[in-house]
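For reference, the structure discussed in these notes is given below.
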Amino acid sequence: MEILSSIKEIKQTLDKERQKNKTIGFVPTMGALHQGHLSLVDQCVRENEVCVVSIFVNPTQFNDPRDLDTYPRTLEADYALLEREGCHYVFVPSVEEIYPEPDTRVFEFGRLAEVMEGKYRPGHFNGVAQVVSKLFDIVEPTNAYFGEKDYQQVAIIRKMVSQLQLPVIIHACPILRESDGLAMSSRNVRLSALQRQKAPLIARTLKESTNFVSAKSVSEVIDYVVQTINKEPDMRVEYFEIADAYTLEPISKWSDAEAVVGCITVYCGEVRLIDNIRYL
Ligand code: PAF
């Protein structure tokens, strides 16, 4: 496994691989890798001749400077995990390498970027689109892999790829969960022992709520989920939306969409956790 930090180096290296007609798979990450990321890398290694993983904590997608400062950074451990998973190249650029000057591009994703995360983290998806478009430009992957835990992010990236007409196939990979149901996330390490015990309530409540689809209205299911989680001291639902799985527009009746997803964000103490579940 080779670790590269300059754009010039990684471009030259991947150009050589492309000249040999090799397919390039890409997993963009912000590091602090866990089993969820590794499942993406595993799929990438199986489906491509060359697997590239980037590790870059992208400042432009953090609207809360404290969140950026406290984002876990575990480079050495990440390298060891990637090597074991069969990754070929790790791209670890500095902030100056990616942003030699401020990125002033503004993407227009319409309502898709205004609902849910878009409402609570203004500018977040613009930052994600800035960095992912730059990374796609550098790596020029055939296939790119993203986790479905960040459900809205995947929708935004698909939209960006279609707007920019990029020749990359986006693969959305299922959420990986701890044995108690908690969705795997780099932020989980920031939970205290007690918070870690409580956090699986999110996934448990979402799962339970899928049993009510035929008996309860959309707003009753929303109330059930929000109240059940908010009853737990130290846990606070920021939002829970039941939405069309494609447009992410909130629905008011189950028949409003053919495919329906529930997306939630919960503060467990100071730690912001997200999860989602398919209803229909
Ligand atoms: O999902 C993430 O880890 C990040 O948002 C991504 C896609 C690597 C862009 O910085």
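The values are calculated or read from the model by the stated rules, or taken from the named source; none is laboratory data. Since the model is a prediction, treat every value here as computed from it, not as a measurement. Backbone-built Cβ (ideal geometry, glycine too); neighbour counts: all protein chains shown. The area values use the complete protein model at the heavy-atom level, side chains included, leaving out ligands, DNA and RNA. Shrake-Rupley method; radii C 1.70, N 1.55, O 1.52, S 1.80 Å.
For the reader, a short list of remarks on this structure follows.
- If the condition is being open to solvent by less than 70 Å² (accessible area, probe 1.4 Å) and among the charged types (D, E, K, R), then region 68-86 contributes Asp78, Glu85.
- Here region 154-204 is the region considered, the condition is being among the polar types (S, T, N, Q), touching a Gly at 6+ places or on another chain (Cβ under 9 Å) and over 25 Å from Val131 (Cα atoms), and the residue that is surrounded by the fewest Cβ atoms within 10 Å (Cβ to Cβ) is Ser192.
- For region 111-122, taking the residues that are assigned to a loop (DSSP other than H, G, I, E, B) and open to solvent by less than 20 Å² (accessible area, probe 1.4 Å), the one that is farthest from the ligand (Cβ to nearest atom) is identified as Val115.
- Residues in region 15-35 that are open to solvent by 30 Å² or more (accessible area, probe 1.4 Å) and within 10 Å of the ligand (Cβ to nearest atom): Met30 alone.
- Residue in region 205-221 that is within 25 Å of Leu38 (Cα to Cα), surrounded by fewer than 16 Cβ atoms within 10 Å (Cβ to Cβ) and touching a residue at least 40 places away in the same chain (Cβ under 8 Å) present: yes
- The residues in region 233-255 that are crowded, with 16+ Cβ neighbours inside 10 Å and either free of Cβ contacts under 8 Å to residues at least 12 places away in the same chain or more than 22 Å from the chain's Cα centre (by Cα) (or both) can be counted, and the count is 2.
- Options Ser185, Ser179, Ser192: the member that is free of Cβ contacts under 8 Å to residues at least 40 places away in the same chain and of a type in the set (Ser, Thr, Tyr): Ser179
- Phe125 assigned to a loop (DSSP other than H, G, I, E, B), within 16 Å of the ligand (Cβ to nearest atom) and either buried (at least 20 other Cβ atoms within 10 Å of the Cβ) or among the aromatic types (Phe, Trp, Tyr) (or both): no
- When Gln165 is tested against (1) without any contact (Cβ under 8 Å) to a residue 40 or more places away in the chain; (2) outside any helix (DSSP H, G or I); (3) within 15 Å of the ligand (Cβ to nearest atom), exactly one condition is not met: (3).
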